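**Q** Got a structure for you, written out below as structure tokens; questions coming shortly.
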Amino acid sequence: MARVRRWVWLVSLIPLAWLAWGAWQGGLGANPVERVIRFCGDWALWGLLLTLTVTPLRRIPGWSGLIRYRRMLGLSAFFYAVLHVTGYVVLDHFFAWQTILKDILKRPYITIGLTAFLLLVPLAITSTRGWIRRLGSAWQKLHRLIYPASVLVVIHYFMMVKADYRAPLVHAGILGVLLGWRVGWWLWHRQPVG
Amino acid sequence: MPFRWNPELQSQDITPESWFRERRRLLQGAAVVGAGVLLGVEPFGEVTAKSEPLSDVRPGVVTLDEAQTPFKDATGYCNFYELGSGKEDPSRHGGKLVTDPWSVLIDGEVARPGSVSLEELLKPHPLEERVYRMRCVEAWSMVIPWVGFPLGDLLKRFEPTPKARYVAFETLHDPKQLPGQSRNVLQWPYREGLRLDEAMHPLTILAVGMYGQRLPNQNGAPLRLVVPWKYGFKGIKSIVRITLTEQQPVTSWNLQAPEEYGFFANVNPEVPHPRWEQSSERRLGEFRRRETLPFNGYAAQVASLYAGMDLARYF
Ligand code: HEM
């Protein structure tokens, strides 16, 4: 079990390795800073969507074991979110905290990104076995924060796009299906899905 | 002072005949490459980055003491939504654009309207190399050695009437050649405009080349506008129509999001875009951001055009 989880973790490092390889080869294009930030933002979002896919899939008979990977997937998503935000702070603004603060206060898409990030922080912190035990049933409730966080991330994506909304629309669609499934479950069973 | 301006190097002699033959030959070459691409031989998206050198270019008409952006970056990282909305799309999808034959319609408030072939249009204008800063509204910038000639010289040939106060431009509208136009990301055709005094300003040019080469398709071949003190989206590409007007023309990005992209779009560090700061920029190839200069560093030449105007209101 622990070994399987280690594999998930290793696999989740492949995008980062790919990025590092690109950087090493000078293959990140004309604007490497933008490339890094977007790349990590994309993988953070995809990590969240994958995490949200686990619960519906494990309802398929015989697939209940998938739950084992959920925490690892969530943590990987958070890992890329940290890289994304670090990229913004270090590569884009090089610790120009004043500019960053102004950005957070004045630019709704940054404010929303930060809100999503702050919602994810407690989830990452409480993802250890000790916290799961300590929080008991509150753990489940707390981790439903992934829903608003994901919605905010998709809004964040919409807001940074200039005119071509195809990519954020596709992500909104996928998130819609994943969250819609949960709503459907709740309506049918009169209780939230575990 | 990094900026050098040689006004005496303007509109003198005429492009030699040999250069025209050369040009025609090059255009034919481009057509062959274009045909090859249509047949499905798309060599790695770098089709048009193949060099087609321009001859008889007056070097250093405007120079700049800043490192030039590598050719690979200036031709591989482009905003040309007609060829896709990703930065690398235009260099990949530029191959379908056929730039020969090409003609430009010049109409509206001019004494001598008409459609002219590209050859005719270019004939009287000696080509000049001008190294300009290029500041994108997305807060990145480049330094590009353009090859072109003053737009004002062209407009004078067609004799604007006293009513003419603005110049409107249109890009080719043909989704077969410009596949990005098959989706309404923007309202096609792409349209841009300048006030007449901006259009007549000696820094405003029509470019046919960059880095001593013919313009690659992804950079707006065969003819594009370059207005170095304005955000890059004003530099309309692959122009097929130039109309002198009495009223301020409609412009594409302004139509798309009026609160984000103004008609003037002068580079101004004091007026932020609603979604990001404009006070600094990333010069491609540099790690740290640099300060954005008022009018992109051309304030001494152009600020007087806007004397007394509230630049926060007319952004
Ligand atoms: C403090 C928090 C955050 C900041 C400052 C931030 C900043 C940014 C910036 C500046 C961009 C635009 C990059 C560009 O224009 O090139 C961006 C895009 C994006 N961000 Fe964030 N972000 C934050 C949080 C997040 C989080 C938590 C996620 C996901 C979990 C996320 C996912 C994305 C995605 C998917 C994109 C679009 C990437 C693309 O265009 O492919 N962001 N973010």
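**Q** Looking at (1) out of contact with any His (no Cβ under 9 Å at 6 or more places or on another chain); (2) closer than 26 Å to A:Lys162 by Cβ, which is the one condition that is false for B:Pro59?
**A** Only one criterion is unmet by B:Pro59, namely (2).
**Q** Given the residues B:Gly209, B:Gly193, which is the only one that is more than 14 Å from chain A (Cβ to nearest Cβ), under 25 Å from B:Leu97 (Cα atoms), surrounded by 21 or more Cβ atoms within 10 Å (Cβ to Cβ) and touching a Lys or Arg at 6+ places or on another chain (Cβ under 9 Å)? Explain how you work it out, then say what you get.
**A** Details: B:Gly209 fails: touching a Lys or Arg at 6+ places or on another chain (Cβ under 9 Å).
Within the list B:Gly209, B:Gly193, the selection yields B:Gly193.
Every residue, every condition in (1) at pLDDT 95 or above; (2) of a type in the set (D, E, K, R); (3) under 23 Å from the mean Cα position of the chain (by Cα); (4) surrounded by fewer than 17 Cβ atoms within 10 Å (Cβ to Cβ), yes or no:
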{"site": "B:Gln256", "(1), (2), (3), (4)": "no, no, yes, yes"}
{"site": "B:Glu270", "(1), (2), (3), (4)": "no, yes, no, yes"}
{"site": "B:Glu286", "(1), (2), (3), (4)": "no, yes, no, yes"}
{"site": "B:Phe295", "(1), (2), (3), (4)": "yes, no, yes, no"}
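**Q** Still on this model: Please give the helices (runs of 4 or more DSSP H) falling wholly within segment A:115-194 in which 3 or more residues are away from the ligand (no atom under 13 Å from the Cβ), within 15 Å of A:Leu52 (Cβ to Cβ) and in contact (Cβ under 8 Å) with a residue 60 or more places away in the chain. Even if it seems obvious, please write down each step before you answer.
**A** Numbers: elements: A:129-135, A:137-142, A:146-160, A:166-189.
Counting at least 3 such residues, we get A:166-189.
**Q** Considering only residues that are within 21 Å of B:Phe169 (Cβ to Cβ), in contact (Cβ under 8 Å) with a residue 24 or more places away in the chain, part of a loop (DSSP other than H, G, I, E, B) and of a type in the set (A, V, I, L, M, F, W, C), which ones fall in segment B:246-304?
**A** Selection gives B:Val250, B:Phe263, B:Phe264, B:Ala265, B:Val267.
A quick yes/no check of all residues on (1) away from every other protein chain (no Cβ under 13 Å); (2) of a type in the set (Val, Ile, Thr); (3) more than 25 Å from B:Val167 (Cα to Cα); (4) within 19 Å of the chain's Cα centre (by Cα):
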residue	(1), (2), (3), (4)
B:Lys96	yes, no, yes, no
B:Glu109	yes, no, no, no
B:Pro113	yes, no, no, no
B:Glu128	yes, no, no, yes
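**Q** Shifting gears a bit: Being near the ligand (Cβ under 8 Å from one of its atoms) and either among the hydroxyl-bearing types (Ser, Thr, Tyr) or more than 20 Å from A:Trp181 (Cα to Cα) (or both) is the filter here, so list the residues in segment A:41-73 that pass it.
**A** Those that are near the ligand (Cβ under 8 Å from one of its atoms) and either among the hydroxyl-bearing types (Ser, Thr, Tyr) or more than 20 Å from A:Trp181 (Cα to Cα) (or both): A:Gly41, A:Asp42, A:Ala44.
**Q** Taking into account only those residues within segment A:102-114 that are within 11 Å of the ligand (Cβ to nearest atom) and hydrophobic (A, V, I, L, M, F, W, C), which is surrounded by the fewest Cβ atoms within 10 Å (Cβ to Cβ)?
**A** A:Ile104
**Q** A further question follows. Considering segment B:159-186 alone, what residues qualify as being part of a loop (DSSP other than H, G, I, E, B) and either within 14 Å of chain A (Cβ to nearest Cβ) or more than 20 Å from the chain's Cα centre (by Cα) (or both)?
**A** B:Glu159, B:Thr161, B:Pro162, B:Lys163, B:Ala164, B:Arg165, B:Pro175, B:Lys176, B:Arg183, B:Asn184, B:Val185, B:Leu186
**Q** Take A:Ala77 and decide whether it is more than 30 Å from B:Glu281 (Cβ to Cβ), outside any loop (DSSP other than H, G, I, E, B) and among the small types (Gly, Ala, Ser).
**A** Here the answer is yes, as A:Ala77 does meet what is asked.
**Q** Continuing with this model, one more query. Hey, among A:Arg68, A:Arg133, which residue is away from every other protein chain (no Cβ under 14 Å), more than 23 Å from A:Arg35 (Cα to Cα) and modelled with pLDDT under 90?
**A** Details: A:Arg133 fails: modelled with pLDDT under 90.
Residue meeting the stated conditions: A:Arg68.
The values are calculated or read from the model by the stated rules, or taken from the named source; none is laboratory data. As the structure is a computational prediction, the values presented were derived from the model and not from experiment. In this analysis, Cβ positions are derived from the backbone assuming ideal geometry, glycine residues included, and neighbour counts consider all displayed protein chains.
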